[in-house]
1. Starting from residues that are among the β-branched types (Val, Ile, Thr) and not in a helix (DSSP H, G or I), keep the ones in region A:119-141 and report whichever is nearest to residue B:184 (Cα to Cα).
2. Taking region A:1-35 on its own, how many of its residues are more than 12 Å from every other protein chain (Cβ to nearest Cβ) and not in a helix (DSSP H, G or I)?
3. Step by step: first the residues of region B:74-100, then only those that are touching a residue at least 60 places away in the same chain (Cβ under 8 Å) and within 14 Å of chain A (Cβ to nearest Cβ), then the one that is nearest to residue B:205 (Cα to Cα). Which residue is that?
4. If I go through region A:36-64 residue by residue, how many of them are part of a helix (DSSP H, G or I) and either modelled with pLDDT of 95 or more or buried (at least 20 other Cβ atoms within 10 Å of the Cβ) (or both)?
5. Filter region B:237-247 for residues that are of a type outside the set (Ser, Thr, Tyr) and either touching a Phe, Trp or Tyr at 6+ places or on another chain (Cβ under 6 Å) or surrounded by 19 or more Cβ atoms within 10 Å (Cβ to Cβ) (or both) and give the result.
6. Kindly establish whether residue A:67 is within 13 Å of chain B (Cβ to nearest Cβ) and not β-branched (Val, Ile, Thr).
7. For region A:260-283, indicate whether the set of residues that are assigned to a loop (DSSP other than H, G, I, E, B) and under 23 Å from residue B:163 (Cβ atoms) is non-empty.
8. Regarding residue B:203, is this residue surrounded by 23 or more Cβ atoms within 10 Å (Cβ to Cβ) and under 15 Å from residue B:39 (Cα atoms)?
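The values are calculated or read from the model by the stated rules, or taken from the named source; none is laboratory data. Keep in mind the model is a prediction, meaning the values are calculated, not measured. A quick note on method: Cβ atoms are made from the backbone with ideal geometry, for glycine too, and the neighbour counts reach across all protein chains shown.
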Amino acid sequence: MNKFKETMFKSITYVASLFTILALFGIIFSLFSEGIPILKIINFKDFLGSTAWHPTSNPPDFGILALIIGSLVVTVGALVISIPLGLGSAIYISEIAGQRTKEIIKPIIELLAGIPSVVYGLFGMAFLSPFLIKVFGIPTGLNALSASIILGIMVVPIISSMSEDALSTVPKSLREASLALGANRWETIMRVVLPAARSGVLGSIILGFGRAIGETMVVIMVAGGAAQIPSSLFEPVRPMTAAIASEMGETAFGSPHFHALFGIAVVLFFITFITNLITEFVFRKKRNQT
Amino acid sequence: MIIKKMLILISAGLAVLLLISACTQKSNTINTAGSTTALPIVQAAAEAFMDKNPGINISVRGGGSSIGIKSAINQSIDIGNASRKITKNETDLIDEKQANLIETAIAKDAISIVVHKDNPVTNLTLQQLKEIFSGKIQNWKEVSGFDKEIIVIFRDVSSGSFMVFNEVVLDNSKVKENSMRLASNNAVATAVSYTPGAIGYIGLGYVNENIKLLSIDAVFPSSKTAQNDQYKLTRLLYMYTSETPRKPAQDFIYFIISDEGQEIVEAQGYVRIMQ
């Protein structure tokens, strides 16, 4: 009976893990089988290199460069905001704050990660965007800057909590040695603790990048949706995820537009796949070191 | 032991689910899906219809016009809702499947042009509208307004409203390069309400006191001007069924195009299809 239970449990867990892998391959397969046909309509160079995205004009244009740039602009903008904030709070929590403060601040920052993205989007649409119009006197408040700010706030808890974990695993002896050699606290943090935790910090940033570039709801609601290469942060952009999600619903099945949207998904898949590979690589290196 | 209990629980749950789905598959259930623009009408009409016919159960889902039409062709639903006519691609699919679809117009929608409350402009010609939305006119002072850059807000390229706009206003000239695209009627209304230079288009039912409605060629959109086609920016909403729809589905469509159904259409902010 016991042996039967054992095998039963084994096979259940085996099937569960097999199912995950099957689902992954199923998704990859359908992505490629629906995405590749767009290359019959437009060549590879024009698809990735042209900025003209007029999928419903006659004749249509399917250049996605402006969408790729849109994604990168808001993602880099988000990192510019979230790296100092996230890393700063990680350093404070791990190195400077006392036990009590730490126990209060840490869960509060992690609470940010639990807010649904549509709530962030509403906040951006109803509050941040009119605010930016008033403060900067710009013609529109739904633009790359407001999307970057909102995405940046969303990424802070990822960078903060993962970097904090990395910082706190740095052995105490390193800090004590540094202080004993006459370095002050600031020098110890910047020259000893941070470099020792760099792979964990880097990993958190890459993960934050993946989160920001894949985020959909916020950019649909806040980025403005103009398929153009922006000349400043105050101009609206249309990230790849926004284009896919908002155009797929009413696109005729099997049409060139349909395949083009899957083509964008393939590009997005490659970008996140590569960032995941890099994260994996960074962490493996770290594991081998210790 | 725990595993055994869990297994029993899971299989019991599955059995219940199967039973429920078997029940809902009975012939007095109508399944409809499709256009989100038509959704408020179908939802309200379904509630009224179920009140009148207690034995009938109507499932209303969104998904977009394409989903609606595709599912109607596959006969996986009874009624596919769409805010546009079927396209060439879809006719090909119908031929391939040797199916046939019946089209019924159930309501009309007037696409309303709105601007910020402080904008002095009250009327635009169709030609001016085209030049604004394609980017030829860049500043409000060119149409005797104030000196402000025009912020053009479109609905998303694949929404039904965009397709009508493309045909009637843009006449297939390309949209202004830096024009904004927003995902819903409400998003457009909100953005226009706090963006001084903005112009956008929304369904008649979404116009509110925070934004200013413009007349086009001196005609304001209303149920009257939309019906007699004086107002140019209108479109029809459709229901698609197979050639031989099941009885309850057919009854439901008859109900929507009846006087009572058309009153529901008006109550939802849309326009009757006739008188």
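1. To start, the set of residues in region A:119-141 that are among the β-branched types (Val, Ile, Thr) comprises A:119, A:133, A:135, A:138, A:140.
From what is left, the residues that are not in a helix (DSSP H, G or I) are A:138, A:140.
On the way: A:138: 23, A:140: 17 Å.
Step by step, filter region A:119-141, then rank; the result is A:140.
2. The total comes to 0.
3. Pass one, region B:74-100, residues touching a residue at least 60 places away in the same chain (Cβ under 8 Å): B:75, B:78-86, B:99-100.
Going one step further and asking which of them are within 14 Å of chain A (Cβ to nearest Cβ), we end up with B:80-86.
Working: B:80: 22, B:81: 19, B:82: 18, B:83: 15, B:84: 18, B:85: 22, B:86: 25 Å.
Result: B:83.
4. Initial filter on region A:36-64 (part of a helix (DSSP H, G or I)): A:38-41, A:44-49.
Imposing the further condition that a residue be either modelled with pLDDT of 95 or more or buried (at least 20 other Cβ atoms within 10 Å of the Cβ) (or both) reduces the set to A:38.
Total satisfying the criteria: 1.
5. First, the residues of region B:237-247 that are of a type outside the set (Ser, Thr, Tyr): B:237, B:239, B:243, B:245-247.
B:237, B:239, B:245, listed by residue number.
6. Values: within 13 Å of chain B (Cβ to nearest Cβ): yes; not β-branched (Val, Ile, Thr): yes.
Criteria met by residue A:67.
7. From region A:260-283, those assigned to a loop (DSSP other than H, G, I, E, B) are none; that's our starting set.
Among the residues of region A:260-283, not one is assigned to a loop (DSSP other than H, G, I, E, B) and under 23 Å from residue B:163 (Cβ atoms), which makes the answer no.
8. Numbers: surrounded by 23 or more Cβ atoms within 10 Å (Cβ to Cβ): yes; under 15 Å from residue B:39 (Cα atoms): yes.
Yes: the conditions hold for residue B:203.
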